[in-house]
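Notes follow the structure.
Each value in this text was obtained by applying a stated rule to the coordinates, not by laboratory testing. Quick caveat: nothing in here was measured; it's all calculated off a predicted structure. As a convention, Cβ positions derive from the backbone with ideal geometry for all residues, glycine included, and neighbour counts pool all protein chains shown.
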Amino acid sequence: MVTAITIYMLVWPVIVAGVLFTLVRGFLEDWKESRDAGRPII
Amino acid sequence: MGSDMQQLGGPLIIALLILFFGGTMIMSVMIGRKRENADGYMTAGNKIGFGISAASMTATWIWASSMYASATSGYTYGISGPIHYGLWGALMILFIYPFGRRIRAVAPRAHTLAEVMRARHGRSSQLMLAGSNVLGSVISLTSNFIAGGAVISMLSPFNFGQGILFVAGGVLLYTLWSGFRASVLTDFAQVVAMLGAVVVIVPAIFFAAGGTDMIAQGASNLTPEQSNFFSSEAFLNQGAPYIAAVLAYAIGNQTIAQRLFAVREDLIKPTFITATVGYGATIIGVGMLGVMALYLGIEPVGGDTNNLIPQLASTFLGPVLLGLLFIMIIGSLSSTADSDLAALSSIMMADVYGQNIAGKGKANPKTMLLVGRITMIVATGTALFFATSQFNILDLLVFVGALWGALVFPVIASFYWKKVTNAAFSVSVLAALLVFIAVRFEWVALTGAYGIFIDVLSVIGIGVVLGIMAFGFFGKKTGMIVGIVAAVASAPFVIGFLHDYTVLSGSLVAYAVSTIICYFMSFRSSQDFDFDLIKERTGDFDPESELDDIDRELDGLSADTARPTR
């Protein structure tokens, strides 16, 4: 039970880390695309 | 308030605020244009990429109050508490996605949802939706300033009044010139700070507080209901009212609509899904701090559960991580506050000045920008007034929430059903709001046959909520089946019982009444609305946007010419 609750409490930061990675990668792709196209990122 | 808690020194707080707001200000200056474009100020040209839009959607939906509320839910209802807060909040984003695609398809270059309602129905529908959006954003802005003032006063020697001035000034400073474009770009930096902080702080507090020993030894601090992952108490008190609010908040929030109109159309799906997962994991993760406080047997300072997060952090973290937590909270409230400012300015620019004062085609883009900037300043002043006065914004939130609930069916039906008329829209919303107030404040005692009648309406409300959710993803037939099954299945548990819960009953009745009236006023109408008209009636205000379009088309042509043919 202790192990299950520990995993339950700590799995969220792991998922957040995955989302953060996705967002940073997406941002870098946006930045690269805009730089290659010679237009502002936003 | 925090006399027995660790604080960050005044100079350090000032340094962190300068770092945070200075950094966002630099980002804002980097994208600043000498001559801002009115449409860019509202929607950033309708073509932003996945990384920025998903980050912005996530950052906007995470506000400081949601972090505090999730921790409170964990502390109050135990291990399932954060799920019953964060999951339903996340689903608000997900469930608007299918409708978002439809809205964007019929109005690809709109700025606000209210503007689209005018194109579909007319002025009364537009102003009703715009009014509810304005109230919602002012309440949200106020709440974020209050959260900022509270955290600064708790973690530093500065008082609440100084805290809200720091936050309000900082947010206004970087949003004022470039509007939505600044809001969206700075959201990326803010979301990195927020999510990065969650990744570090939640495990750090978990292990500093004893790790698995905390769980083994603190289990006796939880009641059987708090230890139960399938707690009915948590569901009925926290989860169920939130499910009822899922569609209402999604429809009523201009900050989400604004991002819907800003993102590149083919990126709507990944943007909404990523934001759903990001918001859910972040808020549930922060909510676990409340569960940890429960295991540790901690009493919140001053009996206020909103103090739990800073209290745990100041107890178990050193100055570096405490500073990181401070940035996390400031980031969460700033990203939502700047979105509220951008949303409010768009409504005043497009719905009030652009369409109702100047008139479409006659609006001067320069005047529009001035209106937008003045709106931001006035909105900041208004929120500061509410934050410092004793005005109870939660009373206002009750009405706004009901208005949003009443708007759900008429707004959604207006995008799919050609027969919905302006009169049906307006009358159904106003009638639903009136019935909500009568139920919520028990103008007539909810007893006997009247109580049963209200329960029957609530059953219809349940069917409407779940039916609309299913309709969004699976179409009309499935939506009808789910709605009818949900209503029939819930009836034995609701009739004779639910009217004791006036908040939940009021919300469900608002859904039911607006749906019934809107349906019966529309189904016999001879109106055969052409949805293509919306595309013609909404669009750019600024000629510079049209020049941008021509540039894009020329770019496309030259790229096609340059591309080798097969």
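A few comments on the model shown:
- Using a Förster distance of 35 Å, the FRET efficiency for residue B:485-residue B:264 (Cβ separation, nearest 0.05): 0.40
- Our summary gives the range B:394-523 a relative contact order of 41 percent, counting only alpha carbon pairs under 8 angstrom and 6 or more residues apart.
- Look at B:351, B:532 and count the other Cβ atoms within 10 Å of each Cβ; fewest to most, that gives B:532, B:351.
- The distance separating the Cα centre of the range B:202-250 from that of the range B:132-161 comes to 26 Å.
- The alpha-carbon of residue B:419 sits under 19 angstrom from the alpha-carbons of these lysines, leaving out residues fewer than 8 places away in its chain: B:476, B:477, B:535.
- Remark: spin-label model distance residue B:221-residue B:478 equals 4.4 nm, labels positioned 7 Å along the Cα→Cβ axis.
- In chain B, the DSSP-assigned H stretches of four residues or longer account for a calculated mean residue ellipticity at 222 nm of -25500 deg cm²/dmol, using -39500 (n - 2.57) per stretch and the full residue count as denominator.
- Mean Cα-pair separation over length for chain B, i.e. relative contact order, pairs under 8 Å, 6 or more apart, %: 26
- Residue order, fewest to most surrounding Cβ atoms within 10 angstrom, among B:118, B:440, B:123: B:123, B:440, B:118
- Here is the list for the range B:226-272: chymotrypsin sites (Phe, Trp or Tyr not before Pro) lying in DSSP coil, each with at most 14 other C-beta atoms within 10 angstrom of its C-beta, are B:229, B:230.
- Label-to-label distance, nm, for residues given as residue B:523 and residue B:503 (7 Å Cα→Cβ offset): 3.4
- Ordered by the count of other Cβ atoms within 10 Å of each Cβ, fewest first, B:314, B:526 give B:526, B:314.
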